[in-house]
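Accompanying notes for the structure given below.
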Amino acid sequence: MESSSFLTVNDEQIDLSQVVKYLQVSGKLNQFISDVLRQYIIETELEKRDDIDISTGIIEQTIIDYRLKNQLTDPQIFQEWLKNNGTDYATFLASVTFSFKLEKLKALVAESKLSEYFIERKIYLDRVVLSRIMVDNRELAEELHTQIEEGSSFEQLAKEYSLADERVFNGMMGPLSRGSLPDMLRAAVDAVNPSQLIGPIELEGRFSLFRLENILPASLENVQLKQSLQNELFEQWIGEKIQSLTVKLQVS
């Protein structure tokens with residue numbers, strides 16, 4: 001394959017073979033090829049599908065909203081913006097259209113696997129809110145447990161005794177992935193109800209009392225979570241497609 005001009009810099013032409021060498025030297029050639037293959041797979045899939053139809057009205061409204069948001073309503077200013085970004089209206093329109101088609105493709109690719117994938121990962125998607133008092137010996141931990149059971153304030157004891165950073169927040173650790181908890185703690189969390197104490201539990205040489213504040217179960221009704229899972233499944237699909245390709249670099 002003959003090399004062709006790719007860029008002109010100060011009137012000097014840089015051909016495609018030189019571009020490839022630059023990418024090789026910088027260690028970015030594999031990522032470049034991966035990006036090209038990814039786009040090739042997406043474009044090929046979009047071309048052969050007949051179940052991805054995006055309303056022109058939605059696209060036009062999106063462009064109007066974008067121009068309003070970025071103060072590009074004046075036609076001349078918008079044209080200057082397009083020029084400064086190295087594009088034109090036709091390319092900009094194609095980019096917006098592609099974005100909508102891509103999101104629809106992601107949903108279609110993930111559709112059949114989404115529920116099963118969600119169930120498999122639910123242990124990591126569910127979250128719990130915990131408070132903690134961490135001390136360096138079991139005797140003190142047990143004594144604090146007794147004091148709390150007898151009516152002492154968990155929050156006050158956390159501020160006074162806890163060695164953990166969250167003591168400044170009355171011991172509140174915030175939402176944590178259930179799947180990221182140590183096995184012993186996760187089992188204990190699963191056995192109690194909100195507001196109940198857990199421990200003391202020895203973790204990494206220290207002893208902690210926990211209080212379960214809340215359980216935040218994951219749900220596919222959460223739009224952001226659903227989108228995230230769709231993206232993960234789509235990237236897996238892309239990876240499998242790339243693995244199945246026979247690729248030859250033909251630039252000398």
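The values are calculated or read from the model by the stated rules, or taken from the named source; none is laboratory data. Quick caveat: nothing in here was measured; it's all calculated off a predicted structure. When we count neighbours, we look across all protein chains shown, and the Cβ atoms used for this are built from the backbone with ideal geometry, even at glycine. Note: areas computed on protein heavy atoms with side chains; ligands, DNA, RNA excluded. Shrake-Rupley method; radii C 1.70, N 1.55, O 1.52, S 1.80 Å.
How long is the gain from Lys159 to Glu120 if the chain were fully straight, where each residue apart is worth 0.36 nm and the alpha carbon distance is subtracted?
10.2 nm
Under 10 Å, Cα contacts only: if you run a Gaussian network model on the chain, which one of Asn231, Asn70, Asn137 comes out with the highest mean-square fluctuation?
Residue with maximal mean-square fluctuation among Asn231, Asn70, Asn137: Asn70.
Can you tell me which of 82-88, 108-114 comes out highest on packing, and rank the rest after it, using the mean Cβ neighbours within 10 Å?
Going from most to least packed, we get 108-114, 82-88.
Along Cα→Cβ, 7 Å out, is where each label goes; now give me the distance between the ones at Glu213 and Val129 in nm to one decimal.
Distance between label points: 0.6 nm.
Give me the accessible area per residue for the chain, probe 1.4 Å, as a whole number in Å².
66 Å²
Ile77 accessible area, nearest 10 Å², 1.4 Å probe?
Taking all protein chains as shown, Ile77 has close to 80 Å².
Can you work out ³J(HN,Hα) from phi for every residue in the stretch 128-136, in order, using Karplus 6.51 cos²θ - 1.76 cosθ + 1.60 and θ = phi - 60°, giving whole Hz and x for Gly and Pro?
After applying 6.51 cos²θ - 1.76 cosθ + 1.60, I find 10, 9, 10, 10, 9, 10, 10, 10, 9 Hz.
Roughly speaking, to the nearest percent, how much of the stretch 127-216's 1.4 Å accessible area is carbon and sulfur?
45 percent
In the Gaussian network model of the chain, springs joining C-alpha atoms below 10 Å, which of Ile119, Ile133, Ile63 carries the largest mean-square fluctuation?
Taking springs between Cα atoms under 10 Å, the residue moving most is Ile63.
Order the peptides 125-132, 6-13 from the highest to the lowest mean number of other Cβ atoms within 10 Å of their residues.
125-132, 6-13
Tell me the relative contact order for the chain as a rounded percent, counting alpha carbon contacts under 8 Å between residues six or more apart.
Relative contact order of the chain: 22 percent.
Where a ≥ b ≥ c are the square roots of the eigenvalues of the C-alpha gyration tensor, would you call the stretch 1-113 rounded, which needs a/c under 1.5, or, failing that, prolate if a/b is larger than b/c, or oblate?
oblate
Could you state the number of Å between the C-alpha centres of the stretch 1-58 and the stretch 183-252?
Cα centres, the stretch 183-252 to the stretch 1-58: 34 Å.
May I ask you to derive the relative contact order of the stretch 127-216, considering only C-alpha pairs under 8 Å and at least 6 residues apart, and to give it as an integer percent?
45 percent
If you look for lysine pairs in the chain that are eight or more places apart or on different chains, how many of them have Cα atoms under 22 Å apart?
22
Using the Kirkwood formula over every pair of different C-alpha atoms, what hydrodynamic radius in Å results for the chain?
23.9 Å
Efficiency by 1/(1 + (r/R0)^6): what FRET value for Val247 and Ser195, r their Cβ-Cβ distance, R0 = 45 Å, to the nearest 0.05?
Efficiency, from the Cβ-Cβ distance: 0.20.
Placing unit charges on C-beta atoms (Lys and Arg positive, Asp and Glu negative, everything else neutral), compute the dipole magnitude of the stretch 127-216 about its Cα centre in debye, rounded to 20.
380 debye
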